[in-house]
1. What is the spin-label model distance, in nm, from ALA96 to LEU49 if the labels are put 7 Å beyond Cα along the C-beta direction?
2. Rounded to the nearest 500, what is the 222 nm mean residue ellipticity of the chain from helices alone, with -39500 (n - 2.57) per DSSP H run of 4+ residues and division by all residues?
3. Express the Stokes-Einstein translational diffusion coefficient of the chain in µm² s⁻¹, to the nearest whole number, given a Kirkwood radius over alpha-carbon pairs, 20 °C and a viscosity of 1.002 mPa s.
4. Using a/c under 1.5 as the rounded threshold, could you call segment 77-123 rounded, prolate or oblate? The axes a ≥ b ≥ c are square roots of the C-alpha gyration tensor eigenvalues, and prolate needs a/b larger than b/c, oblate otherwise.
5. Over segment 35-123, give the accessible area per residue in Å² for a 1.4 Å probe, as an integer.
6. Specify the residue with the greatest mean-square fluctuation among ALA99, ALA77, ALA65, computed from a Gaussian network of the chain linking alpha-carbon atoms under 10 Å apart.
7. Using Cα springs under 10 Å in a Gaussian network model of the chain, which residue among ASP57, ASP12, ASP106 shows the largest mean-square fluctuation?
8. Got the relative contact order for segment 1-97 handy, in percent, Cα pairs under 8 Å and 6 or more residues apart?
Amino acid sequence: MGESIRLLIVDDHDQVRRELAARLSRRLNLQVVGQASQAEEAMRLTAELQPDVILLDSQMSQGLAICRKIVEKHPAARILVLGSFADEGERQAAYAAGAAGYMPKDIPSGELMRGIEALHAGS
């Protein structure tokens, strides 16, 4: 499939970040290049690592504000917002903040991977 997708995980819960990284690191075409728990760290790592896709927890403090800031400074950033629920209002807010995609956080790994691949491919 070519180069691996470079992924940054942004979530303020250590256990959730570790679980996502573990689930997704098993994929041959994906490389978790970094993890961030705060807005400043997410901004710094986005600039330093230039990930292909950023997974961002909508429920963390300033989640959608972080999304907005990343997109302002890094317009090419492809952000997949992970929400706690399949909430239509939250989904619309995520897209309004510049997210390229939105999925529930508890989505099965295979579906999450398809979402990441679709964003990476530009859809």
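The values are calculated or read from the model by the stated rules, or taken from the named source; none is laboratory data. Model, not experiment: these values are computed from the prediction. Glycine gets a Cβ as well: all are built from the backbone with ideal geometry, and neighbour counts include every protein chain shown. Note: areas computed on protein heavy atoms with side chains; ligands, DNA, RNA excluded. Shrake-Rupley method; radii C 1.70, N 1.55, O 1.52, S 1.80 Å.
1. The answer from the label model is 2.9 nm.
2. -14000 deg cm²/dmol
3. Result for D is 153 µm²/s.
4. Verdict is oblate for segment 77-123.
5. That works out to 48 Å² for each residue.
6. Comparing ALA99, ALA77, ALA65 in a Gaussian network model of the chain, the most mobile one is ALA65.
7. Highest fluctuation of the listed residues: ASP106.
8. Relative contact order here is 27 percent.
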